[in-house]
Amino acid sequence: IAVINYTLMGLSLSACRRNLEVDYGRHTSEGTILLYRHKFLKALLEHYGMPRLSGVVQVDETYFRENQKGAMELVNVAPTAVKERKPRLENTHIPSELGIFGPEFACVVTGIDSNGYVVAVLSGLGKSSSQILEDYFSDYLGDITFLCSDDYDAYTRYCDNNAIPHYIQPSDMKKIVRKEQKDWAEKHNGRELAEETILKRYYQTQGLDRVENYGRLSFAEFERLKAEKHLTLDNIDSFHIQLKRHINKNLTGVATVYLPLYLALYVFKHNWSISHNKQHP
């Protein structure tokens with residue numbers, strides 16, 4: 001029970017060991033504490049699971065570098081690109097040969113609904129496919145009024161197959177808008193070009209953000225719909241920043257094989273805070 005409490009508080013293994021000694025007079029190794037922790041996290045994942053999202057749902061992927069922390073022997077997950085999987089020591093950086101869409105990165109598909117509830121599922125190494133999305137994530141999608149995503153075709157297929165209105169915001173949209181504004185300023189003596197003007201021009205050809213499976217809307221109708229339904233990817237982007245900070249910095253990385261357990265803990269604490277009107281620690 002003490003280890004469960006320390007885990008929920010976010011204490012490190014060394015802090016758990018010291019607290020067990022001071023508070024309970026128990027001299028327990030960090031390896032044993034880690035075993036207790038993983039048993040708890042597995043039970044948390046199996047018995048509490050994750051919620052079904054409803055309403056307006058934002059969904060996207062985020063990526064974590066493949067991690068074999070604690071392994072006695074390293075496995076080369078990209079044999080076609082690298083000769084040997086070398087250890088990534090502290091304060092050293094070994095660049096990826098294949099980028100985040102290759103097997104050197106683990107893909108986590110995440111979703112957040114209009115109530116703030118979250119789901120995060122490890123889909124495997126490399127970019128998820130539409131079949132993986134169906135197999136790993138669709139069980140968590142309930143009564144959806146709009147699905148908000150980037151323009152990855154896996155989400156488009158899912159929405160088309162299930163007749164779900166789909167708000168699409170290309171992942172490079174903000175970059176395109178900034179470039180258009182910069183180019184305009186250079187040609188017009190530093191004058192600013194409104195973002196709405198750019199979006200309206202692209203909307204005529206459906207080149208940037210748009211809504212599918214909802215009929216044809218004028219640009220004004222589209223902008224009103226976005227404002228009324230809060231169609232955006234801002235919430236999921238913010239959640240990704242918090243999640244990656246927690247996994248990569250607070251936990252100093254997690255072995256990929258155990259990543260689902262730590263995702264389950266983080267999601268459980270987040271959703272509990274939503275249900276109880278508390279701030280997520």
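The values are calculated or read from the model by the stated rules, or taken from the named source; none is laboratory data. Since this is a predicted model, take the numbers as computed values, not measurements. Cβ placement follows ideal geometry from the backbone for every residue including glycine, while neighbour counts extend to all protein chains displayed. For the accessible areas, the whole protein counts, side chains as well, though only heavy atoms, and no ligand, DNA or RNA atoms are used. Shrake-Rupley method; radii C 1.70, N 1.55, O 1.52, S 1.80 Å.
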Mind checking which pairs have a first residue in the range 178-195 that is closer than 16 Å to LEU208 by Cβ and a second that is among the acidic types (Asp, Glu) and open to solvent by less than 60 Å² (accessible area, probe 1.4 Å), Cβ under 9 Å, 6 or more apart or different chains?
LEU193/GLU180; LEU193/ASP183; GLU195/GLU180
Please name all residue pairs, on different chains or six or more residues apart, with Cβ atoms under 6 Å, provided the first residue is in the range 142-165 and is without any contact (Cβ under 8 Å) to a residue 24 or more places away in the chain and the second residue is surrounded by 15 or more Cβ atoms within 10 Å (Cβ to Cβ) and of a type outside the set (Val, Ile, Thr).
ASP151/PRO170
Lone qualifier among LEU225, LEU217 - being surrounded by 10 or more Cβ atoms within 10 Å (Cβ to Cβ) and part of a loop (DSSP other than H, G, I, E, B):
LEU217
Conditions (1) part of a helix (DSSP H, G or I); (2) β-branched (Val, Ile, Thr); (3) open to solvent by less than 50 Å² (accessible area, probe 1.4 Å); (4) closer than 20 Å to GLY116 by Cα -> ILE241 fails only (3)
Conditions (1) of a type outside the set (Val, Ile, Thr); (2) open to solvent by 40 Å² or more (accessible area, probe 1.4 Å); (3) part of a loop (DSSP other than H, G, I, E, B); (4) at pLDDT 90 or above; number of the one not met by LEU231:
(2)
Hey, ILE236 in contact (Cβ under 8 Å) with a residue 40 or more places away in the chain, farther than 19 Å from THR7 by Cα and open to solvent by less than 10 Å² (accessible area, probe 1.4 Å) or not:
yes
Does the range 258-276 contain at least one residue that is under 23 Å from TYR140 (Cα atoms) and outside any helix (DSSP H, G or I)?
yes
Just name the residue that is surrounded by the most Cβ atoms within 10 Å (Cβ to Cβ) out of those in the range 53-103 that are among the charged types (D, E, K, R) and within 17 Å of the chain's Cα centre (by Cα).
GLU61
Collect the residues in the range 7-31 that are closer than 19 Å to LEU259 by Cα, surrounded by 15 or more Cβ atoms within 10 Å (Cβ to Cβ) and either among the hydroxyl-bearing types (Ser, Thr, Tyr) or free of Cβ contacts under 8 Å to residues at least 12 places away in the same chain (or both), keeping them in residue-number order.
THR7, LEU11
Name the residue, out of ALA43, ALA81, that is without any contact (Cβ under 8 Å) to a residue 24 or more places away in the chain, among the small types (Gly, Ala, Ser) and closer than 25 Å to VAL121 by Cα.
ALA43
